[in-house]
Structure formats: C-alpha cells, structure tokens
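Read the structure below first, then the notes.
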Amino acid sequence: MENKTGIKKTLLNQLEDLKNESVDKDFFANEKIIDTICEITEKIGKEIAVFINRKGEVLDLEIGDENTVSLKDLADRRSENSLSGIRMLHTHPNGSGMLSDVDLSALKKLRFDMMAAVGVKDGAASELFVSFLGIDDRNDLIPLVAGPYQKDRFLKLNVKNVILEAEENLKKAAKTSKAVESGEERAVLVGIENEEALEELRELLKTAGGVELSRMVQSRDKKDNTFFIGKGKLKELSLLVQTVDANLVVFDEELSGAQIRNLEEALGVKIIDRTQLILDIFAQRAKSREGKLQVELAQLKYTMPRLIGLGQQMSRTGGGIGTRGPGEKKLEVDRRRIRDRVNDLQNEIKEMKKQRSIQRVSREAGNVFQACLVGYTNAGKSTLLNSLADADIYAMDQLFATLDPTTRKVLLESGKEILVTDTVGFIKKLPHDLVDAFKSTLEEVLYADLLIHVVDGSNKDYDQQMKVVLEVLKELGAENKPMITVINKVDKIEDMTLVSVESTEDAPVVYLSALNKSGFENLMQEIDKIAAQKWRIAELMVPYTDGAMTSMIHNNCRVVEEDYREEGIYVKAEMDPITYGRAVRYVIN
C-alpha cells in the first residue's frame, strides 16, 4: 500500500488483514471486506481500492485521496485478447456509488474482469454500482453499468457468468478493432496560453497522423522545472488521460529531456513536445536526399542535449509520432557517435549547398528573372505555383505538404519567361534546429529577384502569420527584397472587410484564389512591373562580322524588332543588365 502518511497504524493493520480474506470465486466480495473499507474510508476521508483475483484471493489494496485512487495494473491475463483476471472494488467517500468516467476508463484500459464502487455514508455502504466490458453495434468495447444495489443484494450477485461474457465481448472487439491494429495515437494537447493557441497544434497532430481527444491549458508565468506544468495541473492531466483513454500527450512548448522523462513516469503515456511533432512531420514529408539529411540533422541536434533525460524515449524505435524519420535509428547512440554523425551530415549538406550554388550561378548567367514563393505553411504556395505554371506539384490542405524546393518556368503576359520557386512553409515557433538545417534550402530567397509572400486570408490569425514569415525572412537577411503580398483563398473569406493589408507602390498587395485561378491578372501585372526593372529596351546595330553577339542577344533577351540593314543588323530588344553591358558598344539609342 502507498499513501500511508497520516493514517493510524491500527487502521493500516486492519487493511493488511484483509489480504488474508478468502472470497467465494463466484461472488464479487464478502461482507467483511465491504464493511472494513467503508469504515476506514469514513475515518480517513480517502478512497480505498481492493484487488481480488478469480480464485477469490485479495492481491492488494491501495489508498488514494478524497477523489481518486491509483489503480494498479495487476494483470494476470493470458493474452492481449483476455481480461486481467482481476476484479476491483473501491470506495467513494462522497456517499455516491456511481462510477465516474475515470473509473470506466480504467476498467477498459486495465481490462479488469469487473469493477464496483461503493458509496460511503456514515461509515457504511449506502449504494453500490457494478461495471463490466460490453460491446456496441459496431463491436467497439464499452463499459456497461448496473445498479444501484444495496449491500445485501450486491453480495448475492453471481459474477462468474458476467466475467465470461465480458471476456467474449473483448475477443469480439479485438477482431474488429482498427485502432489497436493501426496503432492510432490518441492525444491530449497541453498549452500554457489559451485554447485558441492549441488549434495549430491540433492541425500539426492531424498532419502527423494523430487524433485529438481533449486538451488542457494552464495560465502560468513560470514553467515548472520538473514537470513543466504545476503539480495540481499534473494531477488533473493524469485524470484526463485516464478518462479519455489517451496514449499520447503533446505539449505546445519545447520540453527538456528531464521533463519528458518525469512526465512519462507520472502519466504512463508517451510525451512529445511541439518540436518533436514538427520534426516528425518533416521526417514524413522529406522526399529528396538533401531533405532527408536536413531532417536527420535537426533530429540529432534536438536529441543530443536530451540524451540524459529522455528516459523511455531512448528505446522508442518505430514508436509512432515523434520517433519517425531517417534519424530515428540514431536515437540510441551516445553523444560522441551522434556528434560524429552530425559532422558527417553537415559536411554532406555543405557539398549539396555547393552544387546548389553552381546551379544558381548557371541560372544567373542565363539572366533569368527569379521569384520565390514564401509564406506560412498551408497558405497555398504550391497551389499558386501549380496555377501559375500549369504544373502538378503535390498540394494538399495540410501543414508542410511539401518540403523540397520546386522551381518552374512561368510565362508572363509581356512574353518574358521567369523562374518561380516554391519554398518550405514557415510556422510559429519553428524549431531553430530546423531553420539551421534547412538554411541551404531557404537561401533561395536571398538570391531571388522577387519574393511573393502568400497569405491565407481566410485564417483569422493571418496578420500574426504574416509577422512570423517576416521575422524568419529577417533572420535569413532577406527582409529588404522586393515583395508582392498575395492574399490567397479569397473564395473562403466571408467578410472581406476583416482582411486589410495596406498596399503601396513599393509593396503591392494582390487578392486572389489560387485554387479557382481568380485574380491572377493583377498578380501577373505586378510581377511584370518588377521584372521590367531588371531589363531595359535598347536599340543596337550589330556588325555582320559579330555573329556571336547576335546569337547571345537572341538567347538571353526578348527581341522586339530585327532588321538586316546595309551597316549591320538592327536589333531592338529587352535586355538584362549583364547582356546590356556586354553589348553596350553596339547601342545606338
């Protein structure tokens, strides 16, 4: 027994004596057990639980508080499809024997043969309720409750057939249970701001393949070093996890390794934080070699300072959300080996960065105007690029649908051909390790001639999302790039007066629907205006003897007019600065 503090030794001895009691195996309990736990509950004001096996032996007793008692998993089951072989009787000091949601959740989770609660009033049993596992029309397990019973009638209940029926129900449910087979992760979300702040965490969880069952918020200025949340909230969270039968708790803030270990020990379920959740999504989404290396690097950087504290997580291989990805098999190696692997990854990514630089130089040599799509995740960047370039890039209504940068040619109304690159989406509290790992990819924005900031205008927090994107661009050193702001998803905006972004000549704003391809004309015109600043219309007279110059102009410029004259070839063309500089000696106007 635990929680003995403050309880008289004589009372504890009375409880210990119950372990010598023998109960008829066909009945739930005997009168002495019920009378003793009710009498002591009245004196100490705390719940008491008794665990009895199918032989009628009292295996253990537990003392809780005025509301709950810790329920041990004393399973004696033969397989996953059988019951525990234990029935549990516990007291309710408040006089009501009604089984709570937490009780019924424990019955289902711990697979008790049966569970009973006795309401205690004036030191005696007032009423008793009994529950066992049944099935509904879909063969899903549900707790069935019977009662209230008076003590005399309860003692005459024959439980043998009820337990056999419950075991048959469990077997039927096991055959049709998709949740168990698929390993569905059922989560409670925890935040320290407000419930609205957890909406994005819910979307992240959904993207990772989990399901939200409930959420809990604590307003707290100072974070607890041991559990992140206070002990009162920890107790509340423990009850919530039991009630909804969750197998995962996700925190909206970054946790230390020690906090994760302490929470897992206290709650008995897997704990992950926002960073792990985002890393898991990136691990699922990364397709290219470089993307996979970047995710693995970020995972290892996250893991290294937490090696001592991660506890149960260190043995999680292939254990669902928070453990997937190319780096998962590295989580059990020591600091030195992780550090070596990090160095190897950084060197390999540097080589890929060099290759990307060569490709970029090649594009710049071609004097092609380059634009980059940036924006909050799920703002519609990939959909916009698909519409602009008539492409088929993977685009879904989900967070981080694409990670690897994709570049496509886009033909403007003026006839100019430009390159548009889709970059990884940004998000609030984007892990620094991910920003660092993906910097080689995000550097595309530094070399772009134009940034197209795509904003989900239908999101009520669009203005906050815009701030996040601008902050990341500033961190990358790209805040002074020419930019067009695109307010996307106008087809989903019910009241346009709620979306207001100031448009200026230097920072134009365009409203459109990338999905419906409406409002594109304004965007194309704005891109054309900025692209035109890179080129100039020039008239040249190129000697017939300089065929290489004529060829270069045709390859790199948009030729407006060409005429073969006596003194040479007259060319009127729209030229970029580099080509213009090479041909300036032939300029006549």
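The values are calculated or read from the model by the stated rules, or taken from the named source; none is laboratory data. In this text the structure is predicted, and so the values were computed from the model without any measurement. Glycine gets a Cβ as well: all are built from the backbone with ideal geometry, and neighbour counts include every protein chain shown. Note: areas computed on protein heavy atoms with side chains; ligands, DNA, RNA excluded. Shrake-Rupley method; radii C 1.70, N 1.55, O 1.52, S 1.80 Å.
Here are some notes:
- Residues considered: 263, 234, 279. Of these, the only one that is touching a Phe, Trp or Tyr at 6+ places or on another chain (Cβ under 8 Å), assigned to a helix (DSSP H, G or I), modelled with pLDDT of 90 or more and not acidic (Asp, Glu) is 263.
- Within segment 517-529, being part of a helix (DSSP H, G or I) and open to solvent by less than 30 Å² (accessible area, probe 1.4 Å) holds for 520, 523, 524, 527, 528.
- Of the candidates 144, 170, 198, the single residue that is modelled with pLDDT of 90 or more and either within 30 Å of residue 252 (Cα to Cα) or within 44 Å of the chain's Cα centre (by Cα) (or both) is 144.
- Cβ pairs under 7 Å, 6+ apart, first in segment 11-37 and more than 16 Å from residue 87 (Cα to Cα), second assigned to a helix (DSSP H, G or I) and open to solvent by less than 30 Å² (accessible area, probe 1.4 Å): 11/40; 14/36; 14/40; 15/40; 36/18
- Residue ID - surrounded by the fewest Cβ atoms within 10 Å (Cβ to Cβ), chosen from residues in segment 530-573 that are assigned to a helix (DSSP H, G or I) and under 45 Å from the mean Cα position of the chain (by Cα): 532
- Within segment 74-102, residues that are within 13 Å of residue 167 (Cβ to Cβ) reach partners that are modelled with pLDDT of 80 or more and open to solvent by 30 Å² or more (accessible area, probe 1.4 Å) with beta carbons closer than 6 Å, at six or more positions or on different chains, in the pairs 81/171; 83/111; 84/111; 85/54.
- Look at segment 478-506: where a residue is in a loop (DSSP other than H, G, I, E, B) and a partner is open to solvent by less than 60 Å² (accessible area, probe 1.4 Å) and of a type in the set (Asp, Glu), sitting 6+ places away or on another chain with Cβ atoms under 8 Å, you get 482/449; 489/456.
- Any hit, segment 257-280, residues being without any contact (Cβ under 8 Å) to a residue 60 or more places away in the chain and of a type in the set (Ser, Thr, Tyr): no
- Hits in segment 550-585 - residues which are over 20 Å from residue 534 (Cα atoms) and not polar (S, T, N, Q): 562, 563, 564, 565, 566, 567, 568, 569, 570
- Extreme residue, modelled with the lowest pLDDT, among residues of segment 241-255 that are open to solvent by less than 40 Å² (accessible area, probe 1.4 Å) and either among the acidic types (Asp, Glu) or assigned to a helix (DSSP H, G or I) (or both): 245
- Filtered residues of segment 238-258 (kept if out of contact with any Asp or Glu (no Cβ under 8 Å at 6 or more places or on another chain) and either closer than 17 Å to residue 207 by Cβ or of a type outside the set (Gly, Ala, Ser) (or both)): 239, 240, 241, 242, 244, 245, 249
- The sole residue among 154, 129 that is touching a Pro at 6+ places or on another chain (Cβ under 8 Å) and not hydroxyl-bearing (Ser, Thr, Tyr) is 129.
- Residues satisfying the stated conditions in segment 564-579, i.e. at pLDDT below 85 and under 9 Å from residue 538 (Cα atoms): 574, 575
- Residue 125 vs. criteria open to solvent by less than 20 Å² (accessible area, probe 1.4 Å), small (Gly, Ala, Ser) and in a strand (DSSP E or B): no
- Applying the set (1) open to solvent by less than 30 Å² (accessible area, probe 1.4 Å); (2) modelled with pLDDT under 90 to residue 119 leaves exactly one unmet item: (2).
- Residue in segment 212-222 that is modelled with pLDDT under 85, closer than 29 Å to residue 282 by Cβ and open to solvent by less than 60 Å² (accessible area, probe 1.4 Å) present: yes
- For segment 23-56, a residue qualifies if it is within 23 Å of residue 111 (Cα to Cα), in contact with a strand residue (DSSP E or B) (Cβ under 7 Å, 6 or more places away or on another chain) and open to solvent by 30 Å² or more (accessible area, probe 1.4 Å), and the qualifying residues are 26, 27.
- Qualifying residue in segment 211-227 (condition: touching a residue at least 60 places away in the same chain (Cβ under 8 Å) and closer than 25 Å to residue 108 by Cα): no
Residue-wise test of (1) modelled with pLDDT of 65 or more; (2) among the aromatic types (Phe, Trp, Tyr); (3) surrounded by fewer than 17 Cβ atoms within 10 Å (Cβ to Cβ).
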{"site": "323", "(1), (2), (3)": "no, no, no"}
{"site": "335", "(1), (2), (3)": "yes, no, yes"}
{"site": "371", "(1), (2), (3)": "yes, no, no"}
{"site": "375", "(1), (2), (3)": "yes, no, no"}
{"site": "378", "(1), (2), (3)": "yes, no, no"}
{"site": "386", "(1), (2), (3)": "yes, no, no"}
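- Filter pass, residue 473 being out of contact with any strand residue (DSSP E or B) (no Cβ under 8 Å at 6 or more places or on another chain) and crowded, with 19+ Cβ neighbours inside 10 Å: no
- For segment 282-297, filtered to residues that are of a type outside the set (A, V, I, L, M, F, W, C) and not in a helix (DSSP H, G or I), the residue that is least open to solvent (accessible area, probe 1.4 Å) is 288.
- Residues (more than 11 Å from residue 21 (Cβ to Cβ) and either of a type in the set (Asp, Glu) or out of contact with any His (no Cβ under 6 Å at 6 or more places or on another chain) (or both)) located in segment 45-58: 45, 46, 47, 48, 51, 53, 54, 55
- Look at segment 510-529: where a residue is under 16 Å from residue 371 (Cα atoms) and a partner is of a type in the set (Lys, Arg), sitting 6+ places away or on another chain with Cβ atoms under 8 Å, you get 528/416.
- Residue 147 meets the conditions (1) more than 20 Å from residue 37 (Cα to Cα); (2) surrounded by 15 or more Cβ atoms within 10 Å (Cβ to Cβ) in every case but one. The failed one is (1).
- For the condition modelled with pLDDT under 90, within 32 Å of the chain's Cα centre (by Cα), surrounded by fewer than 23 Cβ atoms within 10 Å (Cβ to Cβ) and not β-branched (Val, Ile, Thr), residue 101 qualifies.
- Flag not set for residue 510, criterion: surrounded by 14 or more Cβ atoms within 10 Å (Cβ to Cβ), under 28 Å from the mean Cα position of the chain (by Cα) and not in a loop (DSSP other than H, G, I, E, B).
- Number of the exception - residue 164 against (1) modelled with pLDDT under 85; (2) open to solvent by 40 Å² or more (accessible area, probe 1.4 Å): (1)
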